[in-house]
Each structure stands twice: as structure tokens, then as C-alpha cells.
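Participant: Just passing along the structure, written as C-alpha cells.
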Amino acid sequence: MKKIIILLLITWIANLAFATEGMWLPLLLKQLNEAEMQSMGMKMSAEDIYSVNRGSLKDAIVQFGGGCTGEVISSQGLILTNHHCGFGQIQSHSSLENNYLQDGFWAMSRAEELPNPGLTVTFIVRIEDVTEQVLEMVTPEMHYKERQAWVARNTEKVKQAAAREAYQDVMIRPFFEGNQYFLFVTETYRDIRLVGAPPSSIGKFGADTDNWVWPRHTGDFSLFRIYAGPDNKPADYAPDNVPYQPRHFLPVSMDGISEGDFTLVFGFPGRTEEYLPSPAIDQRVNVINPIRIGIRDRALNIINEAMRKDPKVRIQYASKQSRIANAWKKWIGESQGVKATDGVGRKKEYEKEFQKRVDANPEWKELYGNLLPQFEKLYAELEPYAKSRDYIGEIAGRNIELFGLANTLHGVVKQYDANGSAALESRMERIQGYLDGFFKDYQPDIDRQVFAALMEVYFNEVNPDHQSDFAITQFVDAQKDPAELAQIVFAKTNLVKPEILRQAIAAGPDAFVKLLKEDYAYVLARRISEINEEKVLEAYNRIQDEIDLLQQQYMKAQMEVFPEKRFYPDANSTLRVTYGNVAGYQPRDAVEYEPQTYLEGVMEKYVPGDYEFDVPEKLRQLYHKKDYGPYGEDGKLPICFIGTNHTTGGNSGSPAIDAYGNLIGLNFDRVWEGTMSDINYDASICRNIMVDIRYILFIIDKYAGAGHLVEEMQLAHPKG
């Protein structure tokens with residue numbers, strides 16, 4: 001096991017060439033990255049970034065809401081994150097009377113800051129390498145399931161033995177496909193209040209058209225505050241909680257950026273798969289992504305049209321539409337990027353060299369000689385099940401809300417069947433609360449149209465062997481007309497009738513579960529899901545388990561066979577550092593992009609009254625007066641900039657930090673051509689997009705009149 005750990009360190013260190021690719025563990029920066037980072041312009045030390053002995057940059061970085069990143073930017077626990085990360089909270093406080101999505105929200109005092117039940121932020125206290133303990137008793141020849149059992153047993157033992165305070169938690173995550181393990185001690189704060197958010201015409205400027213696109217002009221930010229108990233420790237919401245006092249917060253640079261400046265992005269990237277074999281990437285780009293894109297095309301066409309027509313629907317569906325559209329456009333860009341850079345061809349060339357080296361070494365040939373042919377075989381076996389899995393998942397699991405509701409309530413039925421009525425008594429109020437939240441943002445007429453459009457795909461494109469006989473019978477009874485089937489389902493079901501559900505809940509668990517089990521839409525959803533589980537997911541999971549084991553072996557093999565190559569661990573929602581420089585790029589022939597945008601670009605895109613490109617009157621007035629205060633630069637107001645940092649989902653809200661440790665921007669997106677970076681990083685076109693911190697300060701101060709929030713920050717002039 002010690003040999004594996006040493007090998008990992010050697011392969012990481014081996015490549016000394018400058019590279020902006022990689023998501024690095026802050027714990028290991030001293031050994032692996034510090035010299036390179038400093039040669040690229042960084043003025044800090046690795047200890048300034050990650051330290052357990054004193055306050056460091058890591059102590060200002062939080063995982064926001066479980067899926068984004070945020071950073072502490074004042075001594076009073078003020079947090080900066082993206083507008084789209086706080087979108088759900090902003091929406092939850094919005095109504096037609098107080099439309100914070102449309103008009104923005106600014107707390108002019110602590111008393112006006114709005115609580116957000118369920119919202120949390122998590123700090124990383126320390127990170128430890130626990131590979132040796134987790135892989136104790138694990139041997140290479142073990143069966144996959146036996147290995148997993150040992151890993152699970154050892155992981156639990158290590159977690160229980162970890163030193164931590166009573167209010168701290170411990171998690172252990174695998175790296176390099178389970179060849180290495182790290183332990184994270186965390187602190188989670190539960191009283192998080194909304195402080196400020198620009199209107200969506202700023203925070204979501206460009207909406208879907210500009211999403212994943214450069215040049216960008218979006219002020220994608222929002223402000224929250226962490227509250228703690230009197231002892232500065234995590235506490236449930238209470239009116240007398242006090243602002244959190246951080247170990248470190250980020251000073252804010254007023255000096256702006258220039259091309260070539262060092263940039264560090266610190267956050268919680270969600271998931272990457274950089275070491276997949278070529279058959280996996282080929283299947284993703286040419287089979288799976290087209291399925292996902294086609295289904296979401298249909299759903300978005302209906303939702304977008306409804307949102308344009310009705311302001312109430314625009315509020316209700318804003319968050320849902322963003323979720324659906326974000327992945328949809330990402331998949332389009334990912335496929336285009338892989339094809340434009342010949343990502344599959346490049347992988348095949350890499351694999352040729354891998355196979356050549358393996359075949360030349362008798363020991364490697366015996367261990368690894370058949371890995372690539374096995375991948376080809378397994379991905380071919382997986383494909384028919386992968387197609388049905390994504391068709392049904394997108395149709396019945398993600399985009400038809402009625403089915404989503406039925407599948408969620410199935411959990412209630414399962415608990416009732418397993419444990420009886422008494423097990424549900426204490427949950428009925430929470431179930432009613434969930435339903436209230438669901439119906440607050442639900443329009444049955446929109447969902448019925450989505451149902452008709454997507455069920456047409458189900459019956460015409462899903463493998464007939466993977467379709468539900470019950471569903472087919474209902475389709476035939478509806479004259480094979482998806483719209484007619486939708487009318488029948490929505491007329492018969494009680495799941496879209498909140499008052500009937502409320503009465504059933506009030507009558508108790510027996511009555512509520514009886515209603516569910518007899519409901520037409522519930523039965524239809526369950527029959528589709530049951531056939532999917534039986535005929536698709538069982539085979540898919542079996543083959544995927546084989547692929548996962550093979551991927552683990554392939555990861556280990558790559559690090560042995562390519563000792564000169566520097567490997568970094570795939571993202572897995574743990575704290576990472578990525579570093580690079582401010583830089584433009586050339587996406588295609590005769591097109592070259594500058595790295596900075598300005599307010600002029602907002603005005604060039606301005607379309608009065610448009611859902612995506614309207615501009616608030618006050619911002620237009622400030623522009624015409626050139627009233628930018630201290631935030632302008634040579635008579636212009638910077639908006640966004642791009643860099644070469646390797647980012648992904650989860651890095652939304654991550655701070656862009658300069659060479660000195662000051663905040664210069666807020667990461668929120670990638671360029672469309674580079675969304676493939678999750679599986680196929682290419683430094684020539686992979687760029688991350690950041691809001692310039694000066695635009696954020698300008699909006700807070702000059703636009704919103706909330707200068708007291710800027711006064712709370714520590715402003716710096718690192719460039720003198």
C-alpha cells in the first residue's frame with residue numbers, strides 16, 4: 001500500500017511543464033504545485049492557501065447549499081456566491097407583490113436579512129490521507145464486492161476514530177478510482193440569511209442565450225450571511241444568533257485584472273471523468289447526449305413559451321427552467337467541443353501508446369494487456385441499456401413533474417408497507433409541507449403539455465422490450481394519441497389536486513396511502529419505473545459495476561505506464577484548487593476573444609422588455625452618466641473576464657483569487673466550446689468565466705445603494 005502512495009506522489013510531481021489543467025488537493029500543494037504556481041506569478045505560499053495551524057484561504061471557502069461554492073468576504077460572516085446558486089432562496093421569498101427575482105433584494109439592516117430554512121454552508125477544517133487505513137486487508141486479487149465490503153468496514157472504523165469536536169462531521173472520499181482515500185473534517189452552519197441579490201435582469205442577464213457563452217455580461221452574484229450561536233459555533237436558526245466570526249475572510253482587490261495575471265479558483269468541483277477510455281467518450285457524445293438534448297428540447301420549448309406569456313409562471317418556473325436548460329446546453333457544448341478537438345481520436349492515440357508500452361513489458365502485459373479490449377466489449381454491451389436508462393430517466397424521472405411527484409410519494413408508500421401506519425404518523429405534517437412547496441410552483445396545464453410531448457418519445461423511441469405493458473395499453477386506449485393520453489391521465493389523477501391530497505393527509509396515513517395506491521398517474525408512473533428497474537437498470541448496473549472495476553485497474557495502470565505524466569484526481573465535490581491565468585482564446589478560424597467585457601456590451605445586447613436582455617432603467621442611467629464611482633477603469637466599467645482555470649459544476653460561486661490572496665472575481669460558468677473539460681480537457685479552448693469583483697461592488701453600491709455592505713469589506717490595492 002505504501003508503494004501505491006509513493007507512486008501517486010511520483011506521478012503527480014513528474015511533469016514540470018506549466019499546465020492549467022487539474023483540480024488539486026490543497027493539502028498537497030506544498031509538495032506538488034507551489035513552485036509551479038509561484039513561477040506563474042503567485043506571491044503566496046502553499047501555507048497561505050491551506051493551513052491547519054492558522055487562518056488560511058481555505059477557511060474563507062464554503063460549500064454552499066451542497067452544490068455550489070461560496071466565500072466569506074467580511075469579518076461579519078458575509079458570503080458571496082452566484083445568483084444562480086441562491087436562486088432557489090431568492091425565488092422562495094418572491095411573490096407578485098415582492099418580486100425579488102424581478103426587482104432584486106437588498107437588506108438595509110441586519111434585521112431585514114431573510115432566513116432560509118434548510119440552507120447550509122460547510123467549511124473544511126482539515127484533510128488527512130487515510131489510504132493505508134481504508135485499504136487495510138485489501139488485496140489486488142479480491143473480488144470487487146469483497147473489496148468494497150472491506151473498504152466500507154475500514155472507512156467506518158476510520159471515521160469513528162477520527163479526532164473531531166462534537167459539532168464537527170467527518171467524511172471520507174475515494175480518489176483515483178478508489179486507489180487513494182482522504183478524510184475531511186467539516187463544520188456545517190445552518191442559519192444562513194439572504195442579504196442581497198440583483199434583479200434577474202442583471203444576475204441572469206442573457207439567460208439561456210448567453211448561458212455557457214463568451215462574451216458574457218452577467219452579474220451572476222448574490223449575498224448571504226452566516227449566523228452562529230453566541231459561541232460562534234453552528235446553531236439552528238434563532239432570532240438572537242449573531243454573525244459568524246471567520247478564521248479568515250477574503251480581502252477585495254480594487255486593482256482589477258490584466259491579461260496574463262495569475263488566477264486561483266478555490267472551491268468544490270462536482271464531478272469530472274478525465275480518465276475515461278475512448279469507447280466511453282464516443283458513447284457519451286454520439287449516443288447518450290443526443291437523447292438527453294432531444295428530450296429537453298421538447299420540455300424547454302413548452303416551458304419557455306409559458307414563461308414568456310405569464311409573469312406568474314415566470315416566477316414559478318424560473319428555477320426549474322434554469323436547471324433543465326443548464327444541463328441541456330452543457331451537453332450540446334460538450335459534444336461539439338469533443339468533436340471540434342477530435343477528443344475521441346486523441347484518446348485513441350493515447351491508448352495506442354498505452355497498449356504499446358504495456359505489450360513491451362511482460363509484467364504489464366499480463367496485468368493490463370486486455371484492459372482496452374475489455375472496455376470495448378463492455379461499453380458495447382452497456383449501450384442498449386444506457387439508451388433506455390437515459391430515455392426513461394429524462395422522461396419519467398426528471399422532466400414530467402407529475403411522474404416526479406409520484407416517484408417521490410412512492411417513498412411514503414414503501415415506508416407504510418414496510419412499517420405500517422404508525423411509522424408515518426409523525427411524517428404527515430412534513431409530507432403536507434412538501435406538497436405545499438410543490439404546488440406553489442406547479443402549473444398542471446404546462447406539465448400536461450410536457451407529458452404529451454415526452455410520452456410520444458417514450459412510445460416511439462424507447463426499446464419496446466423496455467416499455468411498460470400497462471403504459472402501452474393506456475396509449476392504445478387513447479388511440480395512440482399522446483395529447484389524448486395526457487388529457488386522460490391529468491383528468492383522472494388526484495395528484496394534481498392539492499385540496500384532495502390535503503383531505504387525505506388529514507384523514508391519516510391509511511387514507512393517504514390508499515389514495516396513492518389507487519391513483520391512475522401513480523400506478524402509471526410505478527409500472528414504467530418497475531419495468532425500467534427490472535429490464536434496464538438491473539443489467540445496466542451489473543455491466544457498470546464491471547466497468548467501474550476495470551476503470552479502477554486502468555487508472556492504476558495509467559499511472560504506472562506513464563510515469564512522466566502528471567495525474568490529478570477527478571473532481572468529487574471535495575475542496576480543490578485550480579490555477580491559471582487571465583487569457584483570451586480563439587474558438588474557431590478568424591475569431592479571437594478578448595479576456596474582458598465591459599458595460600458597453602450590456603447596452604449593445606439590450607432589448608427593451610425582453611425576458612433575457614432587458615436592462616434596468618437605473619443601470620442605463622448610470623451608464624449614460626458614466627457614473628461608475630471607484631469601480632470604473634479608464635471611463636469603462638468591467639463586467640466579466642475569462643481565465644484558464646480548470647473548473648466544473650460545483651465551482652459555481654468559487655472565488656477568483658489574485659496572486660496575493662485577494663478576491664478579484666466570482667466564477668460562474670465555462671465557455672461553450674470548453675464544457676467538454678469534464679471528460680476531455682483542452683487548454684486551447686477551455687476557459688472559465690468570472691464576474692469582475694468591481695462590477696459586483698458597483699451593483700451593490702451605485703446601483704442598489706447598499707454601500708454599507710461594501711464598507712463591511714476590506715478593500716485592497718495589491719498592485720499599488
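Participant: Could you check the stretch 46-98 and list, in sequence order, the residues that are among the acidic types (Asp, Glu), part of a helix (DSSP H, G or I) and over 17 Å from Phe184 (Cβ atoms)?
Facilitator: Matches in the stretch 46-98: Glu47, Asp48.
Participant: Looking at the stretch 594-612 only, could you name the residues that are under 28 Å from the mean Cα position of the chain (by Cα) and of a type in the set (Val, Ile, Thr)?
Facilitator: Thr597, Val602, listed by residue number.
Participant: Still on this structure, please answer the following. Need at least 2 residues that are surrounded by 15 or more Cβ atoms within 10 Å (Cβ to Cβ), in the same structural domain as Pro464 (by TED's automatic domain parsing) and hydroxyl-bearing (Ser, Thr, Tyr) per element, so show me which helices (runs of 4 or more DSSP H) inside the stretch 361-422 make the cut, counting only ones lying wholly within it. Working first, answer last.
Facilitator: On the way: elements: 362-368, 371-392, 401-419.
Because the criterion is at least 2 residues that are surrounded by 15 or more Cβ atoms within 10 Å (Cβ to Cβ), in the same structural domain as Pro464 (by TED's automatic domain parsing) and hydroxyl-bearing (Ser, Thr, Tyr), the helices (runs of 4 or more DSSP H) in the stretch 361-422 that meet it are 371-392.
Participant: May I pose another question? Against the definition (in a helix (DSSP H, G or I) and closer than 16 Å to Val450 by Cα), how does Arg323 come out, yes or no? Walk me through it before giving the result.
Facilitator: Working: in a helix (DSSP H, G or I): yes; closer than 16 Å to Val450 by Cα: yes.
Yes: the conditions hold for Arg323.
Participant: Within the stretch 90-134, can you find the residues that are aromatic (Phe, Trp, Tyr) and over 24 Å from the mean Cα position of the chain (by Cα)?
Facilitator: Quick first cut of the stretch 90-134, residues aromatic (Phe, Trp, Tyr) only: 100, 105-106, 123.
Across the stretch 90-134, the qualifying residues are Phe105, Trp106.
Participant: Okay, moving on. Which members of the stretch 190-243 meet the condition of being polar (S, T, N, Q) and farther than 24 Å from Thr122 by Cα?
Facilitator: From the stretch 190-243, those polar (S, T, N, Q) are 200-201, 209, 211, 218, 222, 232, 241; that's our starting set.
Selection gives Ser200, Ser201, Thr209, Asn211, Thr218.
Participant: Moving on to the next point. Given Ile192, Ile202, which one is of a type in the set (Val, Ile, Thr), touching a Phe, Trp or Tyr at 6+ places or on another chain (Cβ under 8 Å), assigned to a helix (DSSP H, G or I) and within 27 Å of Pro115 (Cβ to Cβ)? First the steps, then the outcome.
Facilitator: Details: Ile192 fails: assigned to a helix (DSSP H, G or I).
Answer to the check: Ile202.
Participant: Take the conditions more than 29 Å from Gln552 (Cα to Cα), aliphatic (A, V, I, L, M), crowded, with 19+ Cβ neighbours inside 10 Å and at pLDDT below 95 and apply them to Ala318. Does it pass? Break it down stepwise before answering.
Facilitator: On the way: more than 29 Å from Gln552 (Cα to Cα): yes; aliphatic (A, V, I, L, M): yes; crowded, with 19+ Cβ neighbours inside 10 Å: yes; at pLDDT below 95: yes.
When the stated conditions are applied, Ala318 passes them.
Participant: I would also like to ask the following. If you go through the stretch 483-508 one residue at a time, how many are part of a helix (DSSP H, G or I) and either touching a residue at least 12 places away in the same chain (Cβ under 8 Å) or not assigned by TED's automatic domain parsing to the domain that holds Ala422 (or both)? Don't jump to the end; show me each part of the working.
Facilitator: So in the stretch 483-508, the residues part of a helix (DSSP H, G or I) come out as 483-492, 498-507.
So of that shortlist, the ones also either touching a residue at least 12 places away in the same chain (Cβ under 8 Å) or not assigned by TED's automatic domain parsing to the domain that holds Ala422 (or both) come out as 483, 485-490, 492, 498, 500-502, 505.
The qualifying residues number 13.
Participant: Then there's this: Would you point out which residue out of Arg164, Arg147, Arg216, Arg173 is in contact with a helix residue (DSSP H, G or I) (Cβ under 8 Å, 6 or more places away or on another chain) and among the basic types (Lys, Arg)? Can you show your working first?
Facilitator: Values: Arg164 fails: in contact with a helix residue (DSSP H, G or I) (Cβ under 8 Å, 6 or more places away or on another chain); Arg147 fails: in contact with a helix residue (DSSP H, G or I) (Cβ under 8 Å, 6 or more places away or on another chain); Arg173 fails: in contact with a helix residue (DSSP H, G or I) (Cβ under 8 Å, 6 or more places away or on another chain).
Of the residues listed, the single one that is in contact with a helix residue (DSSP H, G or I) (Cβ under 8 Å, 6 or more places away or on another chain) and among the basic types (Lys, Arg) is Arg216.
Participant: Oh, and also: Please specify each residue of the stretch 704-720 satisfying the condition of being assigned to a loop (DSSP other than H, G, I, E, B) and surrounded by 13 or more Cβ atoms within 10 Å (Cβ to Cβ).
Facilitator: Taking the stretch 704-720 first, the residues assigned to a loop (DSSP other than H, G, I, E, B) are 704-706, 712-714, 717-720.
The answer is Ala704, Ala706, Glu712, Met713, Gln714, Pro718, Lys719.
Participant: Sticking with this structure for a sec: What number goes with the only condition from (1) touching a residue at least 24 places away in the same chain (Cβ under 8 Å); (2) part of a helix (DSSP H, G or I); (3) out of contact with any strand residue (DSSP E or B) (no Cβ under 9 Å at 6 or more places or on another chain) that Arg153 does not pass?
Facilitator: Failed condition: (1).
Participant: Still on this structure, please answer the following. For the stretch 174-182, indicate whether the set of residues that are in a strand (DSSP E or B), hydrophobic (A, V, I, L, M, F, W, C), closer than 22 Å to Leu28 by Cβ and in contact (Cβ under 8 Å) with a residue 12 or more places away in the chain is non-empty. Give the steps one after another, and end with the answer.
Facilitator: Restricting attention to the stretch 174-182, the residues satisfying the condition of being in a strand (DSSP E or B) are 174-175, 180-182.
So of that shortlist, the ones also hydrophobic (A, V, I, L, M, F, W, C) come out as 175, 182.
Okay, now just the ones that are also closer than 22 Å to Leu28 by Cβ, so 175, 182.
From what is left, the residues that are in contact (Cβ under 8 Å) with a residue 12 or more places away in the chain are 175, 182.
Yes; the residues of the stretch 174-182 include at least one that is in a strand (DSSP E or B), hydrophobic (A, V, I, L, M, F, W, C), closer than 22 Å to Leu28 by Cβ and in contact (Cβ under 8 Å) with a residue 12 or more places away in the chain.
Participant: While we're here: What pairs come out if I take residues in the stretch 395-421 that are under 19 Å from Lys440 (Cα atoms) and pair them with residues that are among the acidic types (Asp, Glu) whose C-beta lies under 8 Å away, six or more apart or interchain?
Facilitator: Within 8 Å, the pairs are Ile400/Asp447; Glu401/Asp447; Leu402/Asp447; Ala406/Asp519.
Participant: In the stretch 280-331, what residues are among the β-branched types (Val, Ile, Thr) and in contact (Cβ under 8 Å) with a residue 60 or more places away in the chain?
Facilitator: Step one: filter the stretch 280-331 for residues among the β-branched types (Val, Ile, Thr), giving 281, 285, 287-288, 291, 293, 295, 302-303, 313, 315, 324.
Answer for the stretch 280-331, where residues must be among the β-branched types (Val, Ile, Thr) and in contact (Cβ under 8 Å) with a residue 60 or more places away in the chain: Ile281, Val287, Ile288, Ile291, Ile295, Ile302, Ile303, Val313, Ile315, Ile324.
Participant: Related question: Only one of these conditions is not met by Asp634: (1) closer than 24 Å to Ile202 by Cα; (2) among the charged types (D, E, K, R); (3) touching a residue at least 60 places away in the same chain (Cβ under 8 Å). Which number is it?
Facilitator: (3)
Participant: Show the residue pairs meeting these rules: Cβ distance below 8 Å; 6+ apart or different chains; first residue within the stretch 606-631 and at pLDDT below 95; second residue polar (S, T, N, Q).
Facilitator: If the second residue must be polar (S, T, N, Q), the pairs left are Glu612/Thr209.
Participant: When you scan the stretch 99-114, how many residues do you find that are assigned to a loop (DSSP other than H, G, I, E, B) and over 15 Å from Gly86 (Cβ atoms)? Steps first, please.
Facilitator: Start the filter on the stretch 99-114 by keeping residues that are assigned to a loop (DSSP other than H, G, I, E, B), which leaves 99, 104, 107-109, 113.
Subset that is over 15 Å from Gly86 (Cβ atoms): 99, 108-109.
Residues that pass the stated criteria total 3.
Participant: Also: Residue under question is Gln63, and the condition is that it be at pLDDT 95 or above, of a type in the set (S, T, N, Q) and surrounded by 18 or more Cβ atoms within 10 Å (Cβ to Cβ); does it hold?
Facilitator: On the way: at pLDDT 95 or above: yes; of a type in the set (S, T, N, Q): yes; surrounded by 18 or more Cβ atoms within 10 Å (Cβ to Cβ): yes.
Judged against the criteria, Gln63 is a match.
Participant: Just to be sure I understand, how many residues within the stretch 428-482 are farther than 20 Å from Ala306 by Cβ, of a type in the set (Asp, Glu) and assigned to a helix (DSSP H, G or I)?
Facilitator: Of the residues in the stretch 428-482, 6 are farther than 20 Å from Ala306 by Cβ, of a type in the set (Asp, Glu) and assigned to a helix (DSSP H, G or I).
Participant: Would you tally the residues in the stretch 477-503 being surrounded by fewer than 18 Cβ atoms within 10 Å (Cβ to Cβ) and either touching a Phe, Trp or Tyr at 6+ places or on another chain (Cβ under 6 Å) or of a type in the set (Phe, Trp, Tyr) (or both)?
Facilitator: 2
Participant: For the stretch 337-360, name all the residues that are without any contact (Cβ under 8 Å) to a residue 60 or more places away in the chain and among the polar types (S, T, N, Q).
Facilitator: Selection gives Gln355 alone.
Participant: Which numbered condition trips up Leu223, out of (1) assigned to a strand (DSSP E or B); (2) in contact (Cβ under 8 Å) with a residue 40 or more places away in the chain; (3) farther than 30 Å from Leu300 by Cα?
Facilitator: Going through the list (1) assigned to a strand (DSSP E or B); (2) in contact (Cβ under 8 Å) with a residue 40 or more places away in the chain; (3) farther than 30 Å from Leu300 by Cα, Leu223 breaks only (3).
Participant: Is it fair to say Lys58 is free of Cβ contacts under 8 Å to residues at least 40 places away in the same chain and among the charged types (D, E, K, R)?
Facilitator: Values: free of Cβ contacts under 8 Å to residues at least 40 places away in the same chain: no; among the charged types (D, E, K, R): yes.
Against the criterion (free of Cβ contacts under 8 Å to residues at least 40 places away in the same chain and among the charged types (D, E, K, R)), Lys58 does not qualify.
The values are calculated or read from the model by the stated rules, or taken from the named source; none is laboratory data. Quick caveat: nothing in here was measured; it's all calculated off a predicted structure. All Cβ positions, glycine included, derive from the backbone under ideal geometry; neighbour counts span all protein chains shown.
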